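To start, the structure under review is shown below, and the notes come after it.
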Amino acid sequence: MTRRRTARLRRTLLAGTTAVAVTAVTAGIVAAAQDPAKAAKGPELSLVAAATSVTLTSWKEEPGVYLDLGTYLIAEGTPLELKVTRKSYKDPVAVTQTVYEGGKAKAKKLPAGTVKDFSGLPGFSEITLTDKAGKKVLSRSESFCPNNASGRVRPDAPSTSKYPESCPTNPFTLGSVWGVEKGWAANTYAGSYTEPVQLPAGTYTAKVGVAKKYRALFGIADKPATVKVTVVERSDEDEGITGAAPRSAKAGEHAGHAGHGAGHRAPAAHAGHGPGHAPTPAEAAAPVTSGAGPSYNVGHGPLKAAPPALPWALKKKQNSARSPQAGDTGGQTDGSRQAPALQPPAKRPTGTPSVPDVPKPDLRSLPAYGITISDGDEDIPGKDYLAFSANVWNAGPAQLVVDGFRSPGKAKMDAYQYFYDAKGKQVGYTPTGTMEWDPRPGHVHWHFTDFASYRLLKADKKEAVRSGKEAFCLANTDAIDYTVKNANWHPYNTDLATACGEENSISVREVLDVGSGDTYTQDLPGQSFDITDVPNGTYYIQVLANPAKRLKETNLGNNSALRKIVLGGEPGKRTVTVPAHDLVNAN
């Protein structure tokens, strides 16, 4: 059971904003400041340090210090809520803030260029470090993901945050919601989006403030937080450690050391798809200490240690967060709340199959990315493979719910799609193929057959090669668009441990929630194209959802996505060039 997204995939960002965009941001901020009376009421935001001093560790084997300084942005009065969207991949990313007039929510468009992508507010935090003598040794700025929720700051605050648990990193994300709940604090540490700094052992003073443009935009006081920083140098030898993995387990001591990954990409339970094993301490994420932890969005791939600086407080409350809350009705969610996780029934359905007139899922494919030439996991002389990552997501307005039932002694399960009315009551079902057990390393779970298919198309769009992979375990690895109707901001089955069953399972339920997608990374067995005998030239990678049209959807006309590539090189040394997809320049 493995799912991973490599660091190079997780860190892929869109092109930076131009000087014109920066000018637009400044002009918009000035205009807002000149007429504050017309501005709707937003949250009362403040930057604080949780402690007056912190100790950070620099490891001799991998020198560098990660600046998790324990500074937090607090929201009072109303939440800080931002909706980040793009109309298409031809359009830049835009952001609106939810503000309140007379107690009613209103969308306030923020200046163009405020954000570049979906990873957070760029250049939000400004950090300065001075040594004992008062000499400046470091000055840097970092992005801020408001979804780094770290906990409440007062006892009467909401018990759980309604906002998602991280900022998306899929290069083809379409919409995201960021927020700091009222009475909550979000860690400003940039985590996996930042780099370590080189600091000798010693004592320093850190000043952390909010950049001027964000102070003006959100009404944050110019009051930097001051933190005493002690850097200690340690070694594996000091710890009696003989390998690097145990050192990674100390991620909480030098947040960020853990590296990238974490199973099928998501909150706490998202350490999943390995070959049938739970994460070792070395593979686990940072301890519950600083708001650091695994990220949503990791994808199917071999397990690695989790990245730092993502929310843990919500994960501690995960079970309670899945319970219905005031205002929920059965099976419904407005994105800020979720209905109880659906569980597979013990027996296959009875009665006459039917496809009722109720909301259904809408499966859509993202263009392929993470495209590279591979040896196909085996160094076979003379063989060339084209590897890629692929994602199919659910635009809603209903969940995709598929159950598999196994007859005693049978190798495959019979699969059924379920349908629900507005109250969450099951009102129909229909047979929809089978599920099969995949024992290969990198899988080791139950796959629903015919969920998607991958084809390499020639320049004239005729098929050249088809990938052997057409069976999938469904899990909500990526937040693709949390602004669509009925998007679930807190999906349950985010890794194979929660979604895909065991070899001896008699039934399995696989769910793809509204707003989320399921990524299979380029290093999975059976997914790549054998291009050994494919001539050089222009091709398209096609990701096709629901190829046999067995699943019932609201729209079957938007299931295909194409990504243009150019093959070159010589046998055994093939090359691939991946042009930008409109404004998305991610290979």
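Taking all protein chains together and rolling a 1.4 Å probe, TRP184 ends up with roughly 0 Å² accessible.
Accessible surface comparison of GLU502, GLU570, GLU81, probe 1.4 Å, protein chains only, largest first: the order is GLU570, GLU502, GLU81.
When GLU61, GLU233, GLU181 are compared by accessible area at a 1.4 angstrom probe, the order from most to least is GLU233, GLU61, GLU181. Within the full protein context, the accessible area of LEU366 is estimated at about 0 Å² for a probe radius of 1.4 Å.
Taking a Cβ cut-off of under 10 Å around THR430, the surrounding Lys, Arg, Asp and Glu residues balance to a net charge of +2, with basic ones at +1 and acidic ones at -1.
Oblate is the label for region 541-587. Its Cα gyration tensor axes, ordered a ≥ b ≥ c, give a/c of at least 1.5 and b/c at or above a/b.
Within a Cβ distance under 15 Å of SER139, other residues only, what is the Lys/Arg minus Asp/Glu net charge? Overall, the nearby charge balance is +1. Checking the a/c ratio against 1.5 first, then a/b against b/c, what shape does the Cα gyration tensor give for region 85-137? It comes out oblate by the Cα gyration axes.
The values are calculated or read from the model by the stated rules, or taken from the named source; none is laboratory data. Quantities reported herein were computed from a predicted structural model and do not represent experimental measurements. Methodologically, a virtual Cβ is constructed for each residue, glycine included, from the backbone with ideal geometry; neighbour enumeration extends over all protein chains shown. Quick note on the areas: whole protein, heavy atoms, side chains included, nothing else; ligands and nucleic acids left out. Shrake-Rupley method; radii C 1.70, N 1.55, O 1.52, S 1.80 Å.
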